[in-house]
Amino acid sequence: MTGVPTPPRHARSAGQPDWGLVTAPGTDPDRLAWVIATSGDPTQTAEQVFIDWCHEGVRVGLRGDPAYPARLAAFDDAPPLLAVRGAWPPDVATVAIVGSRAATSYGRGIAAWLAEAAALAGVHVVSGGARGVDAAAHEAAVGVGGTTTVVLGCGHRVAYPRPHATPGGLFARIVEGGGGLVSEFLPGAPPRAHRVRARNRIVSALADVVVVVEGGARSGTLLTATRAADQGVTVLAVPGDVRAPGSAAPHRLLAEGAGVCAGPQDLLDVLALSGRPRAVLAPGTGASGAGAAGVLAPEVHRVLADAWPRAVSVEDLARRSGTSAGGLLAALTRARLAG
């Protein structure tokens, strides 16, 4: 591992300010300025990049520096820099949960089920921050007090996906909960297809196991799984409805030898072999849904629990639980407010 080349002495003049940028421990602003200057984007000056990162509350580290994740630095195509808002990816047992942006309720439910169980076991969750499966996994981990890392396919100054990047949105909750947002790109880089594909290698490299939940025949999740296999990372796939388009990617991976993930125990069994320590959750976490369950009548909760992770329509839920639709809607609203 060669790290980042040493810049020539004229890369940054002696005494030149760093415009308030907070680098990771051991990161030299001169070397960082050199990496920016050689990034291939002549419109991005080190001054403006530093200002933008500072405005976003981002810390930056270079490959070879102490803060840079060792498991990522081990690969030849590791990015020369990582810009992080929030916490750096921890060196603990980590699962990547990935899947389709246009996920079904089944896919989102499975992703949440796996991520919640992993987080409660002290496992870190990583994904790409997209809609669908990614968001369900991040949300579930944060919801039980676990930590999660988003690997962005754009720069930190770009609000994408917009609902997640707005104030108070998913990304803010992840950072507030002790997780982080990671990008290899300069702050203004838009989410082009090649950048979104490139971030897949980081998602898989940060994980001990990659779980593919849903994806079509040409899904980008297949790229993540392929990179994981090349990196020596275990790949698991979730079986789905053979008639559903979103089952194409996981079923292809299963046919090619991926392990079956039919529930949290399959995932936790593989992680137990990784040899990495578990994270330590904060005291008092792990009572996911307790407030919501207390709001719902026992017969309603039973129907939902039996159907999980598949969705149940309000009409079907009312019929199967023997409750009125009006009372049920009120109870569901209170349950959402309770978490």
message: Given the whole protein assembly as supplied and a 1.4 Å probe, what does the accessible area of residue 100 come to in Å², nearest 10?
response: 30
message: With the cut-off at 1.5 for a/c, could you classify the chain from its C-alpha gyration tensor as rounded, prolate or oblate?
response: prolate
- request: Report relative contact order for the chain in percent, whole number only (criteria: Cα-Cα under 8 Å, sequence separation at least 6).
  value: 16
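Helix-only mean residue ellipticity at 222 nm, the chain, DSSP H runs n ≥ 4 weighted -39,500 (n - 2.57), per residue, nearest 500. What is it? Let's see the in-between values first.
Numbers: 15 runs with 137 residues, N = 339.
So the calculated ellipticity at 222 nm is -11500 deg cm²/dmol.
By how many nm would the segment from residue 102 to residue 315 grow when fully extended, if each residue of separation counts as 0.36 nm and the alpha-carbon distance is taken off?
Values: separation 213, 0.36 × 213 = 76.68 nm, distance 2.43 nm.
The span from residue 102 to residue 315 would gain 74.3 nm if fully extended.
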query: Taking 0.36 nm per intervening residue step and subtracting the Cα-Cα distance, what contour gain separates residue 241 from residue 260 on full extension?
result: 5.4 nm
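Stokes-Einstein at 10 °C, 1.306 mPa s, Kirkwood radius from Cα pairs: D for region 146-195 in µm² s⁻¹? Can you show the working numbers first?
Values: Rh = 11.0 Å.
Answer from the Stokes-Einstein relation: 144 µm²/s.
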statement: In nm, the gap between the two label points placed 7 Å beyond Cα toward Cβ at residue 51 and residue 272 is 5.5
message: I want the local charge near residue 215. Using Cβ-Cβ distances under 10 Å, sum +1 for each Lys or Arg and -1 for each Asp or Glu among the other residues.
response: +2
query: What is the dipole size for the chain, taken about its Cα centre, with +1 at each Lys and Arg Cβ and -1 at each Asp and Glu Cβ, in debye to the nearest 20?
result: 520
field: Label point distance in nm, residue 226-residue 76, each placed 7 Å from Cα along Cα→Cβ
entry: 1.7
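Rounded to the nearest percent, how much of the accessible area of the chain (1.4 Å probe, protein heavy atoms only) is carbon and sulfur? Don't skip to the end; give the middle numbers.
Numbers: 8450 of 15400 Å².
Whole-percent figure for carbon plus sulfur exposure: 55.
Could you calculate the contour length gain from residue 307 to residue 91, that is, 0.36 nm times the residue separation minus the distance between their Cα atoms, to one decimal place in nm?
Working: separation 216, 0.36 × 216 = 77.76 nm, distance 3.57 nm.
Length gained, residue 307 through residue 91: 74.2 nm.
The values are calculated or read from the model by the stated rules, or taken from the named source; none is laboratory data. Everything numeric in this text was worked out from a predicted model, so none of it was measured. All Cβ positions, even for glycine, are placed from backbone atoms using ideal geometry, and neighbour counts span all protein chains on display. Only protein heavy atoms, including side chains, enter the accessible area calculation; ligands, DNA and RNA are left aside. Shrake-Rupley method; radii C 1.70, N 1.55, O 1.52, S 1.80 Å.
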